[in-house]
Amino acid sequence: MIELRDVSKIYDTGKVQVHALKKVSLRIEEREFVAIMGHSGSGKSTLLNILGFLDKPDEGSYLLHGTDITTLGDDELSLLRNNIAGFVFQQFNLLPRMNSLDNAGLPLIYAGRKDFKSAAKEKIAQVMLAHRESHFPNELSGGEQQRVAIARAIVNRPLILFADEPTGNLDSKSEEEILSILEDLHRSGITIIMVTHEMEIAARAGRILRMRDGEIISDEIVRKKKMIRTRAGMSIKDILGKKHSAFGTAEFADYFHQAVSSIVSHKLRSMLSILGILIGVAAVISMVALGEGAKESITQSLSSLGSNLLTVRTGSHRQGGIALQTGLVTRLTMDDARDISRMNEVRRVSPSVIGRAQVVFNNRNWNTQLWGTGVDYATMRAAVPISGRFFTADELKVRKKVAIVGATIIKELFGTMNSVGQTIKINRINFKIIGILPVKGASFFHDQDDAIVIPVTTAMYRVLGKEYVDFIDVEVRNQQMIDQALSAIRNLIIKRHRLNPDDQDSFEIRDVSEIRDLMTQTTMTMSLLLGIVAAISILVGGIGIMNIMLVSVKERIKEIGLRKAIGARRKDILVQFLIESSLLTFSGGIIGIFIGCGISILISLMAQWSIRISLTAVTLSSMVSIMIGIGFGLWPAVQASRLNPIEALRYE
Ligand code: ADP
Ligand code: MG
């Protein structure tokens, strides 16, 4: 059945080359019980690993049922290990976080068998451990652990059982139990190849090979093999042709279970690595919510700006974005406003002054922004009173002491009392409240409702003591006339103030639509910046996950080795670790979504900023976090899957 021809194995440790096997040739027939003996370091394990498809020879050929298997690839060897061989190691190599039953059933998962529970149960019973089914390895004695390992080795009904000093770590009573189990298995038709260095144990076999320095020095038949029951074996071609079932649910459930238990058994570490993604996702969601909210509130305040508006204001020299008040400043006057209003292109005009004022009602005091405006300000700037009325042209002419107040003033001075008709003092002068301004809300740190509007003349001559207006709002008849109006107003001011060409920067005319564009641009830039910052934190989170996965892979190299030894293919290992890292990132992402939404709502409650949680941001960031989990988990997973089973098993 097995034939080795001139097989050599050389270990190259860099400094020295060890010839572990030197042109070994060997035939082993079906249903033999072979013991391999020899001193430590004579090459027994190396030979057994090659026989058991765990390692490949450097030279020579290995014929299995006449097929040379030295040319087979990694995954094909996995198939052979899974279907033909069962391995029992000196160190048991049970997976610590699984109970006996799951440990025994593990090879069936890679065989894609759904009935692995019942098959594992049967084998556990066969090694007389039915009462220890749900015990974990650390709750079992050495002998019991080795019996579980044997159950695992035979669960997929192998043709050959390989055992490398199976009793090396056991007391003599357990040793006897293990040996009698092996003999039973042999009697049932399984070929057994066992390494040992005790004559007593070797004597239980039918054939003894002795090794020294990588060579077989003797080969004796102790007992003629009895022809017992024969077992219909699968041919190698059948096995290699066997399609591995894609990914069975059992397999997936096992990975999932593994991932969860690995995450749970390292709570702190997992939490820290989740934290990165969590913060990233939360940041993306809350930042985008903030940006969107800002955009919305800006759009809202922009809509109160009215359309086709130009603003003429006292100018400033601009150099590289820095405003410098130098040289001549053109003082705008009420007469400028009057002349502008007479122009053809212009529909309405409102001259304005701004200042601060102390407002008093009874014993209440409030410092606020005072606007002196023209009559048309109400319509031009969406400030038509929601109750009461605006002042009239006559009232403006006679500098009447009437005021229209914002919601914040009412709240601060009157509470809930009706304030229209009341008299307040503005900078110690009595004013009558004739109307209430519409609520505009806060934009960023500025409360737009904290304002009082009075006639511009009253403001200039009675309250603020100004002789000039600060700016003049101009509403052009229609959009097409804006450019024309712009230059007409410019010429008018130049003429009225007799400005030299040099002094033409001493005033400026702004198109409100420009401001609108500028503000929209600014918010977009802000959203983008916030988004980038948040995206970077997701990336950092991903790197954290990769780090953890690398550690996790390192830590479980032995486990990976064992899984490969019992038939896991590269893909199986890959998927297992990918599931783990995806699970980590996914849970981080989910918690991040909740925290992100929470933070957004909290900010909107505390800072009174408007917030808009965007579904796009939520879906995008959770998708990105999953992709990062897979992306960053891939590298450690690939590394894990490439490991050679024997090197992995030897890893400390
Ligand atoms: P045995 O099982 O008979 O004790 P091994 O087959 O384990 O012997 O080892 C045979 C020789 O090969 C020994 O000299 C050992 O040091 C060497 N050897 C085994 N495995 C490796 C390895 N992975 N790297 C380097 N040398 C090794
Ligand atoms: Mg050995």
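The values are calculated or read from the model by the stated rules, or taken from the named source; none is laboratory data. Not measured: the values here are computed from a predicted model. Every residue, glycine as well, gets a Cβ built from its backbone with ideal geometry; the counts of neighbours run over all protein chains shown. To get the accessible areas, we keep the full protein, side chains included, count just its heavy atoms, and leave off ligands, DNA and RNA. Shrake-Rupley method; radii C 1.70, N 1.55, O 1.52, S 1.80 Å.
Listed values, structure above:
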{"read-out": "Test: residue in the stretch 59-82 that is without any contact (Cβ under 8 Å) to a residue 12 or more places away in the chain, within 13 Å of ligand 2 (Cβ to nearest atom) and not charged (D, E, K, R)", "value": "no"}
{"read-out": "Residue among THR585, THR523 that alone is over 30 Å from ASP336 (Cα atoms) and under 16 Å from the mean Cα position of the chain (by Cα)", "value": "THR585"}
{"read-out": "Single residue of the stretch 178-223 satisfying the filter (buried (at least 21 other Cβ atoms within 10 Å of the Cβ), aliphatic (A, V, I, L, M) and in a loop (DSSP other than H, G, I, E, B)) that is farthest from ligand 2 (Cβ to nearest atom)", "value": "ILE190"}
{"read-out": "Qualifying residue in the stretch 463-471 (condition: at pLDDT 90 or above, in the same structural domain as ALA382 (by TED's automatic domain parsing), outside any loop (DSSP other than H, G, I, E, B) and over 13 Å from ALA337 (Cβ atoms))", "value": "yes"}
{"read-out": "Filtered residues of the stretch 159-172 (kept if touching a Lys or Arg at 6+ places or on another chain (Cβ under 9 Å) and part of a loop (DSSP other than H, G, I, E, B))", "value": "LEU159, GLU165"}
{"read-out": "Odd one out for LEU108 among (1) among the aliphatic types (A, V, I, L, M); (2) modelled with pLDDT of 90 or more; (3) under 27 Å from LEU179 (Cα atoms)", "value": "(2)"}
{"read-out": "Any pair with Cβ under 6 angstrom, 6 or more apart, that starts in the stretch 341-352 at a residue that is under 9 Å from ALA485 (Cβ atoms) and ends at one that is open to solvent by less than 30 Å² (accessible area, probe 1.4 Å) and assigned to a strand (DSSP E or B)", "value": "GLU345/VAL476; VAL346/VAL474"}
{"read-out": "Residues located in the stretch 141-165, provided they are surrounded by fewer than 20 Cβ atoms within 10 Å (Cβ to Cβ) and in contact (Cβ under 8 Å) with a residue 40 or more places away in the chain", "value": "GLY142"}
{"read-out": "Residue ranges of strands (runs of 3 or more DSSP E) in the stretch 1-73 with at least 3 members at pLDDT 90 or above and touching a Gly at 6+ places or on another chain (Cβ under 6 Å)", "value": "2-12, 17-28"}
{"read-out": "Among the candidates ILE124, ILE109, residue that is outside any loop (DSSP other than H, G, I, E, B), over 26 Å from GLU175 (Cβ atoms) and open to solvent by less than 10 Å² (accessible area, probe 1.4 Å)", "value": "ILE109"}
{"read-out": "Residue in the stretch 233-240 that is modelled with pLDDT under 90, surrounded by 18 or more Cβ atoms within 10 Å (Cβ to Cβ) and within 23 Å of SER25 (Cα to Cα) present", "value": "yes"}
{"read-out": "Residue count, the stretch 50-73 (criterion: within 43 Å of the chain's Cα centre (by Cα) and aromatic (Phe, Trp, Tyr))", "value": "1"}
{"read-out": "Qualifying residue in the stretch 10-20 (condition: within 16 Å of ligand 2 (Cβ to nearest atom), under 26 Å from ARG563 (Cα atoms) and in contact with a Phe, Trp or Tyr (Cβ under 7 Å, 6 or more places away or on another chain))", "value": "yes"}
{"read-out": "Filtered residues of the stretch 340-384 (kept if farther than 19 Å from GLN422 by Cα and of a type in the set (Lys, Arg))", "value": "ARG342, ARG347, ARG348, ARG356, ARG381"}
{"read-out": "Contacts under 7 angstrom Cβ, first residue in the stretch 111-139 being among the aromatic types (Phe, Trp, Tyr), partner open to solvent by less than 80 Å² (accessible area, probe 1.4 Å), 6 or more apart", "value": "PHE116/GLY105; PHE116/LEU108; PHE116/ILE109; PHE116/ALA250; PHE136/ASN99"}
{"read-out": "Count of the stretch 5-19 residues which are in contact with a Leu (Cβ under 9 Å, 6 or more places away or on another chain) and surrounded by fewer than 22 Cβ atoms within 10 Å (Cβ to Cβ)", "value": "3"}
{"read-out": "Options MET460, MET481, MET519, MET546: the member that is modelled with pLDDT under 85 and open to solvent by less than 60 Å² (accessible area, probe 1.4 Å)", "value": "MET546"}
{"read-out": "Odd one out for THR46 among (1) under 35 Å from the mean Cα position of the chain (by Cα); (2) within 16 Å of ligand 2 (Cβ to nearest atom); (3) not charged (D, E, K, R)", "value": "(1)"}
{"read-out": "Any hit, the stretch 599-619, residues being more than 22 Å from the chain's Cα centre (by Cα), surrounded by 18 or more Cβ atoms within 10 Å (Cβ to Cβ) and aromatic (Phe, Trp, Tyr)", "value": "yes"}
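Each row is one residue, and each column tells you yes or no for (1) open to solvent by 50 Å² or more (accessible area, probe 1.4 Å); (2) outside the structural domain of MET199 (by TED's automatic domain parsing).
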position: ARG27; (1), (2): yes, no
position: GLU30; (1), (2): yes, no
position: LEU51; (1), (2): no, no
position: LYS56; (1), (2): yes, no
position: GLU59; (1), (2): yes, no
position: GLY73; (1), (2): no, no
position: PRO96; (1), (2): yes, yes
